[in-house]
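Every number in this text was worked out from the coordinates using simple rules, so none of it is lab data. Model, not experiment: these values are computed from the prediction. Quick reminder, even Gly has a Cβ in these numbers, built from the backbone with ideal geometry, and neighbours come from all protein chains shown.
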Amino acid sequence: MGSVEVDIFNGFEYSKKYDSLKVLHAHDQIKELQSILRDRNTSRSDFKFYADRLIRLVIEESLNQLPFTDCKVVTPTGATYNGLKYKSGNCGVSIVRSGESMEQGLRDCCRSIRIGKILVESDAETHEARVVYARFPEDISQRHVLLMYPIMSTGNTVSKAVNVLKEHGVKEECIILSNLFCTPAAVQTVLDSYPKMKILTSEVHPVAPNHFGQKYFGTD
């Protein structure tokens, strides 16, 4: 399995092979947050605080991937300002349970956005990922979806979730995965199967911090 090669362009890192993979530019603040979250000596309270900071940065950039439309507004002085607004029809979907850590960050940026949920579990005998629960807005097929899942090691869980979204009529090109850490193998698994969707992450690294969910929710 080949590795993902990364270039830097216009403040982002783009994979040479996967145009739809977008990685936050690794400036010092991002690197510090990643280091704190990977450090086994980080306390749970510090972990959650800095995880929320990184989540907010990822969510903010994920929102930049959504479609905008032109608009005009009138300022308090009576001037007309040519601006932008989101096109209608956006929603979030979190993959339970770790994906729920990103819900508040999305609500902080989009106060009234609707959020659905998907629960994917591994079969005890076959270890195959399967969807056991899904709840979406009724009109999700007409929406752009921010799929939230912080740690992607293999890509199997995300692939199952994307398949369920497509079964509910969501177009592949309307799905954006908001992610904190993912491995090259996971990128390859997901984007080889769903090349039209986008992945927005803070880091592509062979070793994913799989302790994230337990540490964030205090169940470690």
Problem set entry | Stretchable slack from HIS25 to GLU172, in nm (0.36 nm times residue separation minus alpha-carbon distance) | 50.4 nm
Exercise. Build a GNM of the chain with springs between Cα atoms under 10 Å: which of ALA208, ALA185, ALA79 gets the top mean-square fluctuation?
Worked result: ALA79
For this session: Before anything else, pin down the relative contact order of the range 6-217: Cα pairs under 8 Å, at least 6 apart, normalised by residue count, whole percent.
Result: 22
Seminar exercise, completed: With x for Gly and Pro, the residue-by-residue ³J(HN,Hα) of the range 84-99, computed from phi through the Karplus equation 6.51 cos²θ - 1.76 cosθ + 1.60 at θ = phi - 60° and given in whole Hz, is 9, 8, 5, 5, 5, x, 10, 7, x, 9, 9, 8, 5, 10, 4, x
Seminar exercise, completed: Quick calc, LYS17 & TYR81: beta-carbon distance into FRET formula, R0 30 Å, rounding 0.05, result 0.15
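Cross-link list LYS117/LYS215; LYS48/LYS85; LYS166/LYS215: which exceed 29 angstrom alpha carbon to alpha carbon?
Beyond 29 Å between Cα atoms: LYS48/LYS85; LYS166/LYS215.
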Exercise. For the chain, what Kirkwood radius comes out of the mean inverse Cα-Cα distance, in Å?
Worked result: 18.1
Exercise. So how much slack lies between ARG38 and THR126, counting 0.36 nm per residue of separation and subtracting their Cα-Cα distance, in nm?
Worked result: 28.7 nm
Exercise. Using a cut-off of 18 Å between alpha-carbon atoms, which aspartates and glutamates can reach LYS17, once sequence neighbours fewer than 8 places away in the same chain are excluded?
Worked result: GLU5, ASP7, GLU173, ASP192, GLU203
Exercise. Hey, rough spin-label estimate for PHE217 and ARG135, points 7 angstrom out along Cα→Cβ, what's it come to in nanometres?
Worked result: 1.5
Exercise. Based on Cβ point charges of +1 for Lys and Arg and -1 for Asp and Glu, what charge dipole magnitude is obtained for the chain about its Cα centre, in debye rounded to the nearest 20?
Worked result: 540
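Name the shape class, rounded, prolate or oblate, that the alpha-carbon gyration tensor gives for the range 24-117, where a ≥ b ≥ c are the square roots of its eigenvalues, rounded holds for a/c under 1.5, and otherwise prolate holds if a/b is larger than b/c and oblate otherwise. Before the final figure, lay out each step's value.
Numbers: a/c = 2.80, a/b = 1.84, b/c = 1.52.
Here the range 24-117 falls in the prolate category.
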Problem set entry | Under-5 Å amide H pairs with ILE115, H placed in peptide plane, nonlocal only | GLY92
For this session: Could you work out which residue, out of VAL190, VAL131, VAL162, moves most in a Gaussian network model of the chain, that is, has the largest mean-square fluctuation with Cα springs under 10 Å?
Result: VAL131
Seminar exercise, completed: If R0 = 35 Å, then LYS72 and ARG114, at their Cβ-Cβ distance, give a FRET efficiency to the nearest 0.05 of 0.85
Exercise. What percent do you get for the relative contact order of the range 34-101 when only Cα pairs under 8 Å and 6+ apart count?
Worked result: 19
For this session: With everything on Cα atoms, drop me the angle between helix 28-38 and the longest principal axis of the chain, reported from 0 to 90° to the nearest 10.
Result: 40
For this session: Please determine, in degrees from 0 to 90 and to the nearest 10, the orientation of helix 184-193 with respect to the longest principal axis defined by the Cα atoms of the chain, where the helix direction is its Cα long axis.
Result: 60
